[in-house]
Amino acid sequence: MSIYGRPGSNLDSFEGHGQLARSIGASAERDTAAIIDDLSVERENDILHSVPIASGKADIDHIVVGSKGVFVIDTKKWKPGWYFSIGSKCFRICSGKIERFKAGESHSLSRSIESMRTKEIPVRGSAVVVWPSNSRGKCHTLFMRYPGGIKVIKPSALKPRVSRTVGKKSNYITVARIKVWASYGSEKATTSR
């Protein structure tokens, strides 16, 4: 099947983020892509990276399309520590200090998923994949949820979760609907394999 877009390619157009933050984000998106791009060959899924939304002011980091539906992925790189949700609020414990973690309270992914569903895009699963920002620690996210009940997972849990959820083979109608929904270009970064 095919891989569309380049991971992290839309980050340069985002305002309000410093160059270092964009570089770190792009690195995490490439790491996630390295995990899921194999599904294009192994399971004949289509993979879309950096799908622009909101007139290019935001994007969905990754979408995997299979016969059963779509899996939507947001990628983050956070400080090592413990992350958890209480009601609608998120917190983290890093270096022994507990603090509110407002970045974990973003509704943009759940709003995008709802918008996709209104356009008959069969979203069957979603996750936020979190990479630690350094090699000295881990991000513990077992008790963390994004708005809309979206699970926050470690990178090693991603591929099996996506595989179980979307099934083998792609669905060309679904890919077309995603492109129309996002006004996504038809140019492929990687050709069919």
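Short version: what are the Cα gyration tensor semi-axes of the chain, square root of 5 times each eigenvalue, largest first, in whole Å? Working shown, then result.
Details: eigenvalues 146, 59, 55 Å².
Ellipsoid semi-axes (Å, largest first): 27, 17, 17.
Cross-link candidates for K119: which lysines have Cα within less than 16 Å, leaving aside residues fewer than 8 places away along the same chain?
Candidates past the 8-residue exclusion: K179.
Straight-line reach from K169: which lysines have a Cα under 17 Å away, not including same-chain ones fewer than 8 places off?
Straight-distance partners of K169: K68, K159.
Pull up the cross-link candidates among the lysines for K77, meaning alpha carbon to alpha carbon under 17 Å and not fewer than 8 places away within one chain.
Leaving aside lysines fewer than 8 places away in the same chain, those within reach of K77 are K102, K138, K151, K154.
With unit charges on the beta carbon (Lys/Arg positive, Asp/Glu negative), name the residue among S126, I178, V162 whose Cα is farthest towards the positive pole of the charge dipole of the range 70-193.
V162
Tell me what the chain gives for mean residue ellipticity at 222 nm when only DSSP H runs of n ≥ 4 count, each as -39,500 (n - 2.57), the sum divided by the residue total, rounded to 500 deg cm²/dmol.
Working: 5 runs with 54 residues, N = 193.
Value at 222 nm, helices only, nearest 500: -8500 deg cm²/dmol.
Here, each number is a calculation from the coordinates, and none is a lab measurement. Model, not experiment: these values are computed from the prediction. Note that we place each Cβ from the backbone using ideal geometry, even for glycine, and neighbour counts take in every protein chain shown.
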